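Step one of this worksheet: look at the structure below.
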Amino acid sequence: MTAILAGCRALVVEDESAIAMMIEDMLIEAGCEVEVASQLEQAVALAGAGRFDLAVLDINLHGRESFEAADLLTARNVPVIFASGYGQSGRPARYQHLPMLQKPFACEELISAARTALGRA
Amino acid sequence: VQRDVTAARRAEAAARESDRHLRELVDALPMMISYVGADERYQLFNAAYERWFGRSAASLVGLSLRELLGEEAYAVRHDNIRAALSGAEQRFVAFTPRPDGSRRQTEVRYLPRRGENGAVAGFYVLVEDVTEQLQAEERLRESEARFRQLAGAIDQVFYVTDLTRGQLVYLSPSFERIWGIPGEVLMRDLSAFFESVHPDDRAALIAGKAAQERGEPTEREYRIVRPDGSIRQIRDRSFPVPGHVGMRAAGLAEDVTEQRRREAAAREQDHRLRLATRVARIGTWDLDLETGQGQWDDVALRVMGLEPAQSRYTAASWLNAVHPDDRERVRMAFAAALQPDGPPYEIECRGASPAADGGPRWIVSHGSVETDPQTGRARRALGIVRDITERRRSEERLRESEERFRVAADSSPALMWMCDADGQVMFANRQYRRFFGVDTDAMLGDGWRKIVHPEDVNSFHDAFRASFARREAFHRTVRVLHPELGVRWLNCDASPRHGANGAFLGYVGVNIDLTAAIVSADALRESEARFRTLANGVPNFVWFGKPNGEIEYLNDRWFDYTGQSPDAALPNGWVAALHPDDVQPTLRAWAEARERGRLYEVEMRYRRADGVFRWYVARAEPMRAADGGIVGWFGTSTDIHDRKEAEQTFERLVTHQSLLINELNHRVKNTLATVQAVAMQTFRDIESQDARRVFESRLIALAKAHDVLTRENWQGADLVAVVEEAIAPHRGIDPERFCVAGPSVRVTPRMALSLAMSLHELATNAVKYGALSSSSGHVRIEWGVSDSRRSVVLTWCEEGGPPVASPLHKGFGSRLIERQLTRELGGSARMDFAPSGLICRIEFPLPVEQEHEAKEGGR
């Protein structure tokens, strides 16, 4: 399964650094280049300016929602995968079609969701 | 000498020249000039003589005065001629004849001329025609005389004022009559005039004087106070008099007191008449038959329903104001009235425009015709119009009412009759026929005698006659003979009838078959009493609604609770007791229920007398007549306040709890994710990635179980959901490899977590070593509730996998299953490593309070 996502640039937005590291490891293992943001401002800056093929966003960043970054990414046609500890009800209606991973999730779940989002399934 | 002669000639020539000039001048004068010698003969004439007498100057020379003027004119002048010849200048007026025999008045002057000896040699004659002048003077005199006569005779005061000097020039004698002051007083001092004027009117007078001084005509009215204290109204018109030195004004002042009084009286009269006609709604009309022009006054316009612009009409157009169907009739009546000795014009008709309510407008019109005394022809018609719509309506209503009475009487189930002032029955309704099977006509007169029980006929008759004589109401129960039912008791009620003018008209009576009525009346009274006792006995509000939504009955509970009086609450005032937020929903539900004829049920708050609102549920059902039509609604309102309060408290708690649990779950899961992440980092260096995966999957199974519980607010979970969630990660490619069957059973949160973890371990094992490690194997998971309904038995049964070799007993999974299920939950788990596949039998107790739920459902 190594290099399934080879050459893919991924943005990981996660305020819990241990979890961020884990997701980063999962994606690197799959062949991605990963950029991590733990603050909303940083996430928004990267979402608006950086070049990404994929983004994994935690919804709740220190009590603030990451939707601003999600909007910027979707506007630029970057596939977004949400990750949250809340249930399916934790996101607004306009994101209902986007994939959502329930924390904690297995590496396989993440990679499968990423492949689906990138159309590499 | 030569020189002297020349000078003399020159002088002579000059004199001749001068003489000629003089002659020409004298000839050009219009007056006659001549010179008469002492012998009374003319010596010189100017041309005026030739023009006057129509003769040449030459033929006149040498004529004597007597010859030229004639005997009569000479005689008139004789004395003057004598005096002139004796040296006295004469000036006199005398007639001078013309050749045609006419006479002209002339002013004649004789100027004597003395000779060198001093004696009178003759006289010059100057004659001027003054006929016109004299005539003018004569006319003036006559005019003056006539004027004075007139001024003295007329009632008006004529005056002429010299405004420059502030003096009266003339004041006619009637002044004294009107003012009561001698005219001389005013002639002496004009200020007496101002003093005579009423103090309130003096200002206007001064303004008028200023206008006079500007040379403007004035017209003023003022009051004067006569010396006797009486007040007169004066109308004073003045105009400037031209052609005089200084400013003069002539004026006429007249006493208009009576005139004004009459005018005021006429106005008052007119006003009163108008007021009267207006109040009486009587309009007037007027048609000049000679010009064909007519007019309606404003009241008439209102009566006719016409616009103000339509006040004028013509003989040809006025019928347009009449209803088309009535025009011919009205036209005929009017034409007849115009005939000599025709009938008076009086007609009732409908107006062309309808009454305010759209119904017909009825009008009565009366008129009188004025005829020319000479020709006897009608020349003017005058009349009034009055609105009689109301009267006609009430007449119609009366007719209708009579008709209705007859219809009502005939359709009434009671026996109804009427008799006239003589006691003879004149009307009996059809019920007589239905009841007795006899023709109603047979009842007229004293036909009633035939149906009354023979034993009662006389006493009934006597009793009725006694009441009749006193014009009193009559009540009596009498036996009658019914052709089929035999003897029936009739209750006879009769009352005297009176006309609008109070005249006694007879009796009207209603007879009721008492035999049946008594029973039902008692039953009704009893039923009502029972109902009211019941309605007031219940703790609910009980009410009746009419089909139109009005409430016609509320039991006493309502009045006790709301403090409303029956008058305040019925029929619609009960709404005031609703909570403002509930008014619209309640009324809407009430209207909808009535519209659909269905059960009405709505919750609302009613205000108690002390202002507290309590929740009620109102329910109403339609009451239907035999034909299915709704005749009313029977409703109750029940106090649900405590239940409602509890519900609301509960909802609040649930919402709050749900939020807390959701937040808690989020934190738990985040924590689990963090644990996962930390563990991953820890496992990084360990070669076996399997350990990492096992750990990860266990952690995730735990998290999923949390999700199930969170969905249920940690009140427990359905076993179906727990099983489905636990096997979901392994169902993956082929869902058919799991076969799940069991009823819906609620388990406690703790059990749910333990079961989820256990099932995860079983599934992981199956994937690694058991049925799911081969392509053909599958797992059956079945459970059921024990007969005693105390416990659940769940079996995990693997089939079709590779032969079972290595037991699970040392692993984390088996230990977990054993410990959690056996020790913590008081259940049991038994694992049977049969060669065909692992069979795990788990039994755990059902929560006591939820036993009954296991009966329902099934899977």
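Quick rundown of the values:
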quantity: Matching residues, the range B:572-603, being open to solvent by 50 Å² or more (accessible area, probe 1.4 Å) and small (Gly, Ala, Ser); calculated: B:ALA576
quantity: Options B:ALA691, B:ALA705, B:ALA721: the member that is in contact (Cβ under 8 Å) with a residue 40 or more places away in the chain and more than 11 Å from every other protein chain (Cβ to nearest Cβ); calculated: B:ALA705
quantity: Which listed residue, of B:SER791, B:SER758, B:SER697, is polar (S, T, N, Q) and open to solvent by 30 Å² or more (accessible area, probe 1.4 Å); calculated: B:SER697
quantity: Unique match (being of a type outside the set (Lys, Arg), within 12 Å of chain A (Cβ to nearest Cβ) and either over 30 Å from B:VAL767 (Cβ atoms) or surrounded by 13 or more Cβ atoms within 10 Å (Cβ to Cβ) (or both)) among B:GLN676, B:GLN648; calculated: B:GLN676
quantity: Every residue from the range A:69-112 that is within 14 Å of chain B (Cβ to nearest Cβ), over 23 Å from B:ARG711 (Cα atoms) and among the aliphatic types (A, V, I, L, M); calculated: A:LEU110, A:ILE111
quantity: Of all residues in the range B:547-571 being part of a helix (DSSP H, G or I) and touching a Phe, Trp or Tyr at 6+ places or on another chain (Cβ under 9 Å), the one that is most open to solvent (accessible area, probe 1.4 Å); calculated: B:ARG557
quantity: Residues satisfying the stated conditions in the range B:700-737, i.e. open to solvent by less than 10 Å² (accessible area, probe 1.4 Å) and more than 20 Å from B:LEU816 (Cβ to Cβ); calculated: B:GLY716
quantity: Residues of the range B:315-334 classified as exposed (fewer than 12 other Cβ atoms within 10 Å of the Cβ) and modelled with pLDDT of 90 or more, total; calculated: 4
quantity: Residues satisfying the stated conditions in the range B:26-54, i.e. touching a Pro at 6+ places or on another chain (Cβ under 8 Å) and either open to solvent by 60 Å² or more (accessible area, probe 1.4 Å) or charged (D, E, K, R) (or both); calculated: B:GLY54
quantity: Check on B:ASP627, open to solvent by 70 Å² or more (accessible area, probe 1.4 Å) and either closer than 19 Å to B:ASN548 by Cβ or not aromatic (Phe, Trp, Tyr) (or both); calculated: yes
quantity: Matching residues in the range B:694-715 - criterion: being within 14 Å of A:GLN102 (Cα to Cα) and hydrophobic (A, V, I, L, M, F, W, C); calculated: B:LEU699, B:ILE700, B:ALA701, B:LEU702, B:ALA703, B:ALA705, B:VAL708
quantity: Considering residues of the range A:24-67 that are touching a Phe, Trp or Tyr at 6+ places or on another chain (Cβ under 9 Å) and among the hydrophobic types (A, V, I, L, M, F, W, C) only, the residue nearest to A:CYS107 (Cα to Cα); calculated: A:VAL56
quantity: Strands (runs of 3 or more DSSP E) contained in the range B:1-98 and holding at least 1 residues free of Cβ contacts under 8 Å to residues at least 60 places away in the same chain; calculated: B:42-45, B:90-97
quantity: Failed item in (1) in contact with a strand residue (DSSP E or B) (Cβ under 7 Å, 6 or more places away or on another chain); (2) open to solvent by 30 Å² or more (accessible area, probe 1.4 Å); (3) at pLDDT 85 or above, with A:ARG115 passing the rest; calculated: (1)
quantity: Flag for B:ARG23 being open to solvent by 50 Å² or more (accessible area, probe 1.4 Å) and at pLDDT 85 or above; calculated: no
quantity: Scope the range A:1-29; condition within 14 Å of chain B (Cβ to nearest Cβ) and in a loop (DSSP other than H, G, I, E, B); matching residues; calculated: A:MET1, A:THR2, A:GLU14, A:ASP15, A:GLU16
quantity: Condition met for B:ARG261 (out of contact with any Pro (no Cβ under 8 Å at 6 or more places or on another chain), exposed (fewer than 15 other Cβ atoms within 10 Å of the Cβ) and farther than 24 Å from B:GLU144 by Cβ); calculated: yes
quantity: Residue ID - modelled with the lowest pLDDT, chosen from residues in the range B:445-490 that are open to solvent by 40 Å² or more (accessible area, probe 1.4 Å) and among the polar types (S, T, N, Q); calculated: B:THR477
quantity: Residue list for the range B:656-665, restricted to those being surrounded by fewer than 13 Cβ atoms within 10 Å (Cβ to Cβ) and away from every other protein chain (no Cβ under 14 Å); calculated: B:HIS656
quantity: Filtered residue count, the range A:81-103, keeping only those that are out of contact with any Pro (no Cβ under 8 Å at 6 or more places or on another chain) and touching a residue at least 12 places away in the same chain (Cβ under 8 Å); calculated: 16
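The values are calculated or read from the model by the stated rules, or taken from the named source; none is laboratory data. Note that this is a predicted model, so its numbers are computed, not measured. Because the Cβ atoms are built from the backbone with ideal geometry, glycine has one as well, and the counts that use them run over all protein chains shown. Surface accessibility is based on the protein's heavy atoms, side chains included, excluding ligands, DNA and RNA. Shrake-Rupley method; radii C 1.70, N 1.55, O 1.52, S 1.80 Å.
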